[in-house]
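The values are calculated or read from the model by the stated rules, or taken from the named source; none is laboratory data. All of these numbers come straight from a predicted model, not from anything done at the bench. When we count neighbours, we look across all protein chains shown, and the Cβ atoms used for this are built from the backbone with ideal geometry, even at glycine.
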Amino acid sequence: MNQQITEIDTLVVGAGQAGVAMSEHLSRLGIPHLVLERHRIAEAWRSGRWDSLVANGPAWHDRFPGLEFDMDPDGFAGKEQVADYFEAYARKFDAPIKTGVEVKRVTRNVGRAGFTVETSDGIYCVNHLVSATGPFQKPVIPAIAPTDSTLHQIHSAHYFNPEQLPEGAVLVVGAGSSGVQIAEELLRAGRKVYLSVGPHDRPPRAYRGRDFCWWLGVLGLWDSETVQAGREHVTIAVSGARGGHTVDFRRLAQAGMVLVGLTERFADGKVSFAQDLNENLDRGDENYLALLDAADAYAERNGLDLPLEPTARERVANAACIAQPLQTLDLTEAGVSTIIWATGYSQDYSWLQVDAFHANGKPRHQRGVSSEQGVYFVGLPWLSRRGSAFIWGVWHDAKHVADQIATQRKYRAYDESRSAAQTPAPLRANA
Ligand SMILES: Cc1cc2nc3c(=O)[nH]c(=O)nc-3n(C[C@H](O)[C@H](O)[C@H](O)COP(=O)(O)OP(=O)(O)OC[C@H]3O[C@@H](n4cnc5c(N)ncnc54)[C@H](O)[C@@H]3O)c2cc1C
């Protein structure tokens, strides 16, 4: 069967925020391109997030430079508003996005430049390929998950609201932004909740009248280029829910949530927890207080007239679950019917069959420029800095990647013009 073959200079795979940002920068530079998206624009925000999720950062911050949210800038956009925002953004510059097209396989051409891209909509021949397929693609549930079929187990990616869960108590494993927000929603819905808390950072939602996104910005922390050694698996616990509030595990425990340490193993209907709860909470507090200290120092150094907030340093008394952490929990006795694994995601590049990956499957790149010439990545955590996987951060990374593609196109254009000049004119008969 003859397949349709389309030639295009640059193909972007995925039309989440990273793909939209990429398309904007490529358009600005006049680079012919197409974005292919297997579902809809910003699909992850529509169907891959729970119903009540709002952005972690305020609307003035969690956006692209070229468009504001149509809402209170200090408010937190709901997940559908975020998806609508990216659709509107793409319309704004008439982004060449084709939805409902899955990229199935990319291979490097042999003996000539570029790549052959097999899709559900025919074949594309491209010079440059940008993977914008997301930092959080495949939900990861650790191997320790019990096989007991009476337990309802889901990943946080498949949690939408408390009503979808069977009656009974819930164990939420993982206390990053997803885990802690889901646990809090369940507690407020009247569920008994156990929350397994690992190492985490927990910035104050706001301090001295400024959101933490602002503090991280002025302190240069969004622009940190490398993860601090040993902090690679430290998650960040923040929440924009109900107008935004600081995640304070000790207060959640006071409100009735049972905090436990890292979940270690399941056996004979029981789950055991590491005895690291207090250490994890203490280190989270240290991280919180360090940001307050840095903010105070910044305010003083720059003569900022911001209201003092001594109550931010108050600590509530420890609830019983912190004073004497559980070592094991009998799931049946505790009435636990559901486990929610808020344990993160991995990436799937099985479709990208090029030499661009480390042995552990992670993309090999420098600021998004892959070791396989012509392949680029955007939207990955720490692609260039701490903000890289977040809304506003990906826009800046996409700009750099588009510039790199433009540079390569210039070299190519030079080569083509020189080659044409050097080609001897064909001999004419009777010359
Ligand atoms: C629960 C949660 C809350 C978050 N909240 C915030 C927040 O408040 N603020 C913030 O800045 N960041 C937040 N993030 C982080 C980040 O902004 C989001 O993960 C965002 O969706 C990443 O955008 P992206 O475009 O890089 O990837 P995605 O949104 O995942 O988009 C990738 C797209 O690629 C498509 N795709 C994948 N493979 C193929 C293929 N082979 N062919 C065609 N299409 C393909 C997918 O369908 C998808 O639409 C959050 C993340 C999570 C998980």
Long-range neighbours under 8 Å by Cβ, at least six apart or interchain, first residue in contact (Cβ under 8 Å) with a residue 24 or more places away in the chain within region 44-58, second near the ligand (Cβ under 6 Å from one of its atoms) and not in a loop (DSSP other than H, G, I, E, B): 55/391; 57/391
Residues being under 21 Å from residue 58 (Cα atoms) and near the ligand (Cβ under 10 Å from one of its atoms) - total across region 380-396: 9
Matching residues, region 88-106, being away from the ligand (no atom under 11 Å from the Cβ) and surrounded by 18 or more Cβ atoms within 10 Å (Cβ to Cβ): 89, 90, 95
Qualifying residue in region 3-19 (condition: without any contact (Cβ under 8 Å) to a residue 40 or more places away in the chain and either in contact with a helix residue (DSSP H, G or I) (Cβ under 7 Å, 6 or more places away or on another chain) or not β-branched (Val, Ile, Thr) (or both)): no
Strands (runs of 3 or more DSSP E) completely within region 246-310 that count 1 or more residues being closer than 21 Å to residue 169 by Cβ, at pLDDT 95 or above and touching an Asp or Glu at 6+ places or on another chain (Cβ under 8 Å): 263-267, 270-273
Test: residue in region 107-114 that is within 14 Å of the ligand (Cβ to nearest atom) and either among the charged types (D, E, K, R) or under 26 Å from residue 381 (Cβ atoms) (or both): no
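Conditions (1) surrounded by 12 or more Cβ atoms within 10 Å (Cβ to Cβ); (2) under 27 Å from residue 192 (Cβ atoms), marked per residue:
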| position | (1), (2) |
| --- | --- |
| 254 | yes, yes |
| 258 | yes, yes |
| 269 | yes, yes |
| 275 | yes, yes |
| 279 | yes, yes |
| 305 | no, no |
| 312 | yes, no |
Count of residues meeting criterion [surrounded by 20 or more Cβ atoms within 10 Å (Cβ to Cβ), more than 10 Å from the ligand (Cβ to nearest atom) and polar (S, T, N, Q)] in region 21-64: 1
When residues of region 1-50 are limited to those that are outside any helix (DSSP H, G or I) and among the polar types (S, T, N, Q), the one nearest to residue 84 (Cα to Cα): 10
The one condition in (1) surrounded by 13 or more Cβ atoms within 10 Å (Cβ to Cβ); (2) in the same structural domain as residue 284 (by TED's automatic domain parsing) that residue 324 fails to fulfil: (1)
Unmet requirement for residue 76, which otherwise passes all of (1) buried (at least 18 other Cβ atoms within 10 Å of the Cβ); (2) more than 9 Å from the ligand (Cβ to nearest atom): (2)
Condition check for residue 79: in contact (Cβ under 8 Å) with a residue 12 or more places away in the chain and over 30 Å from residue 207 (Cβ atoms): no
Subset of region 202-236 [closer than 30 Å to residue 327 by Cα, in contact with a Ser or Thr (Cβ under 9 Å, 6 or more places away or on another chain) and at pLDDT below 95]: 235, 236
Count of region 386-412 residues which are more than 17 Å from residue 17 (Cα to Cα) and either at pLDDT 95 or above or acidic (Asp, Glu) (or both): 9
Top-ranked residue of region 123-163 - restricted to ones that are within 16 Å of the ligand (Cβ to nearest atom) and polar (S, T, N, Q), ranked as farthest from residue 252 (Cα to Cα): 131
Some residue of region 178-190 being more than 16 Å from the ligand (Cβ to nearest atom), under 26 Å from residue 325 (Cα atoms) and not in a helix (DSSP H, G or I): yes
